[in-house]
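Notes follow once the structure below has been shown.
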Amino acid sequence: MSTRIRIENLTKNYGRVSALDNFSLEVDPGEFMVLLGPSGCGKTTAVRCIAGLSDPSSGAIYIGDQLVNGLPPRDRDIAMVFQNYALYPHMSVYDNIAFPLKMRKESKGNIRDKVEKISKLLEISQLIDRKPKELSGGQMQRVALGRALVREPKVFLMDEPLSNLDAKMRAYMRTEIKKLQKKVGITTIYITHDQIEAMSMADRIAIMDRGLIQQVGTPQEVYSKPSNTFVAGFIGSPPMNFLECEVSHSNSHLHIEISGSLVKSASDALRKVFDRLYRKEELPAKVTIGIRPRDIIIGGDRLHSDLIMECVLSFIEMLGDDTVLEVNIGKNSMKVLTSSMPTVIQQDTPVDQHVLIGISHEKLHFFTSPTGIRREYVADEIP
């Protein structure tokens, strides 16, 4: 039966430096939870505290109904998989997988049955007599997974387990680990700084920055409704564009100015969006607008969008099926992601030409300046 993990107000200080600040999180039984964030955000510290490898300064950690603060790692029934695999080089694959069972002094027959079962599950039965130096990176990672799984732990902790693999093997192992976790049903916390790993593997993602959880949600939730500009800029490739705008009303018309340039067109629907955003408040002098690169349309004079801006094309990057265009509006640089080169781009002089870009009001994200907190409105109210 899968186990729930509950962490309450976990704080870890190193002198005057706070690695974790009131970190609270619940992981449901059988859930694949990913801790995502840049280096130094506290995600490894959190997992080390859960595993018992580091003592928190304050807070509580529950595995199931048991408070595990103060329990040594061996008594927490947790298995960890590390970035460097940590296999014993002088032992065969069989002995590496069997090692934790031998430490428990289980019978040879029981050990053999469990190792065979895990080897078959991970499709490494043919490697059972090899030493780690005879294995590829992906094979070593499977052996490390096998050694963790053979213990049948309550909780699985993974600290950047794929970072030593090449891009092709990482993509393959992402799928394999996710399928394996669903098959065995073990509650899992997975650490990564790679948002593609997080988005493709997680049931839910906890996004961290400077020891704080910024948002917890499904991959779709954190992508489509980021709680603040940090989350919005961290999730998505290329990341979200941000424009700091000066906004005003005049004769029922909406005026938006960016870097001293008045936008070419702001629709009545967009005006109504601002009315919903600030219905009980005075319209602020500055608003941060977020725009995903894939949501921007590049068009000619007949472009129909709620927000239309004139930009200068500065760079084109070909990425196989996709093309990334960099455009400038005043001092602001924005990325546009498109699946085909827009017909309005002049192929003989592809850069330094003026282009119009358009965005639907439904694709815009609004954040309060300067706090970066997301503002919401009810989209159904906008015709």
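The values are calculated or read from the model by the stated rules, or taken from the named source; none is laboratory data. Note that the structure is predicted; figures quoted are calculated from it, not measured. Don't worry about glycine lacking a Cβ; one is built from the backbone with ideal geometry, like all the others, and counts go over all protein chains shown.
Just one of the numbered conditions (1) charged (D, E, K, R); (2) closer than 26 Å to Q346 by Cβ; (3) under 31 Å from the mean Cα position of the chain (by Cα) is not true of K286; which one?
Single failed check for K286: (2).
When the residues of the stretch 347-383 are filtered to those that are among the small types (G, A, S) and either modelled with pLDDT under 85 or outside any strand (DSSP E or B) (or both), which remaining residue is surrounded by the most Cβ atoms within 10 Å (Cβ to Cβ)?
Step by step, filter the stretch 347-383, then rank; the result is G372.
In the stretch 1-28, which residue that is in a loop (DSSP other than H, G, I, E, B) and of a type in the set (G, A, S) is farthest from L212 (Cα to Cα)?
S2
Residues to consider are I63, I50, I78, I97; find the one that is over 30 Å from A19 (Cβ atoms) and crowded, with 19+ Cβ neighbours inside 10 Å.
Exactly one of I63, I50, I78, I97 is over 30 Å from A19 (Cβ atoms) and crowded, with 19+ Cβ neighbours inside 10 Å, namely I97.
What residue, of R48, R16, R74, is in the same structural domain as P219 (by TED's automatic domain parsing), without any contact (Cβ under 8 Å) to a residue 40 or more places away in the chain, basic (K, R) and within 26 Å of V231 (Cβ to Cβ)?
None of the other options fit; the residue is R48.
Only one of (1) surrounded by fewer than 18 Cβ atoms within 10 Å (Cβ to Cβ); (2) farther than 25 Å from L180 by Cα; (3) of a type in the set (A, V, I, L, M, F, W, C) is not met by V68, so which one is it?
Among (1) surrounded by fewer than 18 Cβ atoms within 10 Å (Cβ to Cβ); (2) farther than 25 Å from L180 by Cα; (3) of a type in the set (A, V, I, L, M, F, W, C), V68 violates only (1).
Looking for whichever is in a loop (DSSP other than H, G, I, E, B) and surrounded by 13 or more Cβ atoms within 10 Å (Cβ to Cβ) here; the options are V344, V312. Which one fits?
V344
Give just the number: which of (1) within 14 Å of the chain's Cα centre (by Cα); (2) farther than 26 Å from K154 by Cα; (3) buried (at least 19 other Cβ atoms within 10 Å of the Cβ); (4) touching a residue at least 24 places away in the same chain (Cβ under 8 Å) does I191 not satisfy?
(2)
Evaluate the stretch 161-175: report whether one residue or more is surrounded by fewer than 18 Cβ atoms within 10 Å (Cβ to Cβ), assigned by TED's automatic domain parsing to the domain that holds I78, of a type outside the set (A, V, I, L, M) and at pLDDT 90 or above.
yes
Take residues that are out of contact with any Phe, Trp or Tyr (no Cβ under 8 Å at 6 or more places or on another chain), polar (S, T, N, Q) and on the phi < 0 side of the Ramachandran plot and tell me which of the helices (runs of 4 or more DSSP H) falling wholly in the stretch 29-135 contain 1 or more.
Ranges flagged: 43-51, 108-121.
Please list, ordered by residue number, the strands (runs of 3 or more DSSP E) wholly in the stretch 172-259 having 1 or more residues that are in contact with a helix residue (DSSP H, G or I) (Cβ under 7 Å, 6 or more places away or on another chain) and among the hydrophobic types (A, V, I, L, M, F, W, C).
Result: 187-192, 204-209, 241-250, 253-258.
What do you reckon, is Q181 at pLDDT 90 or above, farther than 24 Å from R4 by Cα, surrounded by 18 or more Cβ atoms within 10 Å (Cβ to Cβ) and polar (S, T, N, Q)?
Taking the combined requirement at face value, the residue does not satisfy it.
Which of the residues spanning the stretch 293-320 are under 23 Å from the mean Cα position of the chain (by Cα) and either among the hydrophobic types (A, V, I, L, M, F, W, C) or over 21 Å from G233 (Cα atoms) (or both)?
If the condition is that a residue be under 23 Å from the mean Cα position of the chain (by Cα) and either among the hydrophobic types (A, V, I, L, M, F, W, C) or over 21 Å from G233 (Cα atoms) (or both), then I296, L319 are the ones that fit.
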